[in-house]
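A short worksheet on the structure shown next.
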Amino acid sequence: MIEINLLPPKIKKAKKMQLFYVFGILAAGAVIAVLAGMVIAQNNRVKETERKIKTIEAESAALQDKIAEVKKFNALEDALKKKRQIVESLLIDQSAWIKLLDMLAEKIYPDMWLLEVSHEKAKEEGAQVKVAGYAASRAVLADFVRRLEEDESVSSIGITKIEMTDKYGAGWVGFEFNFTYSVRPLKKQG
């Protein structure tokens, strides 16, 4: 089939321009429609996110009382732990003298006696204890000190005075020494 176009060239050109404008407007409309759809979708996402944020904020506000109660409970628990540690420490310190005197009673020989057992000062390692008394001989005193050194709660024995005296009869040895006594003994390195 043969087509013959009898329209003048200006009209042909004008028709082509019309088609070009129509397609351009349709393309621009499509782009605008797609962009508008994207904006609407994004707005819907923003609104959904804002709704979720409001829901979370409402839940958070409702839980603030419970959070405050938990913090209060934790503070009370910490205070109770500190008080328990203080009481345990006091009980250990309270029983220290009983343990010390029991330990000395086990170690002392029948031919010696103690005149003084006193607490001089406390250190991190333990209490500084001063012991003074009399022994029948230097050998008895040496055995007593050796037995004390074997005890794991005793450390840093320092003899400050040894003297012969006739105060209680011939040949008695007066002595005085210090040592560190720990209620919680460290294992001695051997």
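Coordinate-derived values only; no laboratory data. Because the structure is a prediction, the values reported are computed rather than measured. No Cβ is skipped: glycine too gets one built from the backbone with ideal geometry, and neighbour counts run over all protein chains shown.
Taking the inverse of the average 1/r across all pairs of different Cα atoms in segment 108-181, what Kirkwood radius in Å do you get?
Details: mean 1/r = 0.0790 Å⁻¹.
For segment 108-181, inverting the mean 1/r across all distinct Cα pairs yields 12.7 Å.
Would you list which aspartates and glutamates come within 18 Å of LYS13, measuring only between C-alpha atoms, while excluding same-chain residues fewer than 8 positions from it?
GLU3
Working from Cα positions, state the angle (0 to 90°, nearest 10) between the long axis of helix 138-150 and the longest principal axis of the chain.
20 degrees
Name the residue farthest towards the positive end of the dipole of the chain from the options ILE53, LEU100, LEU26, assuming +1 on Cβ of Lys and Arg, -1 on Cβ of Asp and Glu, about the Cα centre.
Positive-most Cα among the choices belongs to LEU26.
For segment 109-182 and segment 28-79, what is the separation of their C-alpha centers, rounded to whole Å?
The distance from the Cα centre of segment 109-182 to that of segment 28-79 comes to 76 Å.
For the chain, set up a Gaussian network in which alpha carbons nearer than 10 Å are linked by springs, and say which option among GLN94, GLN64, GLN42 fluctuates the most.
Looking only at GLN94, GLN64, GLN42, the biggest GNM fluctuation is shown by GLN42.
Taking the dipole about the Cα centre of segment 108-181, with the C-beta of Lys and Arg at +1 and of Asp and Glu at -1, give me whichever of TRP113, GLY126, PHE179 is farthest to the positive side.
So the residue furthest toward the plus end is TRP113.
Please report the orientation-averaged projected area of segment 7-107, defined via the convex hull of its C-alpha atoms, in nm².
Result: a mean projected hull area of 15.1 nm².
In µm²/s, what is D for segment 40-190 at 25 °C and 0.890 mPa s, where D = kT/(6 pi eta Rh) by Stokes-Einstein and Rh is the Kirkwood radius from Cα pairs?
Working: Rh = 20.6 Å.
Taking Rh from Cα pairs, D becomes 119 µm²/s.
Can you say what percent of the DSSP beta bridges in the chain, counting only those with both residues inside, are antiparallel? Round to 5.
Taking every DSSP beta bridge within the chain, about 95 percent pair in antiparallel fashion.
Fewest first, what order do TYR109, TYR134 take by the number of other Cβ atoms within 10 Å?
Ranking TYR109, TYR134 by Cβ neighbours within 10 Å, fewest first, gives TYR109, TYR134.
LYS10: which aspartates and glutamates have alpha carbons under 19 Å from its alpha carbon, excluding same-chain residues fewer than 8 sequence positions away?
Of all the aspartates and glutamates, none pass the test against LYS10 - Cα under 19 Å, at least 8 places apart if same chain.
As a quick test, which of the pairs LYS83/LYS130; LYS107/LYS130; LYS130/LYS167 have an alpha carbon distance above 25 angstrom in this structure? Walk me through the intermediate numbers first.
Working: LYS83/LYS130 32 Å; LYS107/LYS130 16 Å; LYS130/LYS167 21 Å.
Long pairs (Cα-Cα over 25 Å): LYS83/LYS130.
Dipole size in debye (nearest 20) for segment 1-141 around its Cα centre, Lys and Arg Cβ +1, Asp and Glu Cβ -1?
It comes to approximately 1860 debye.
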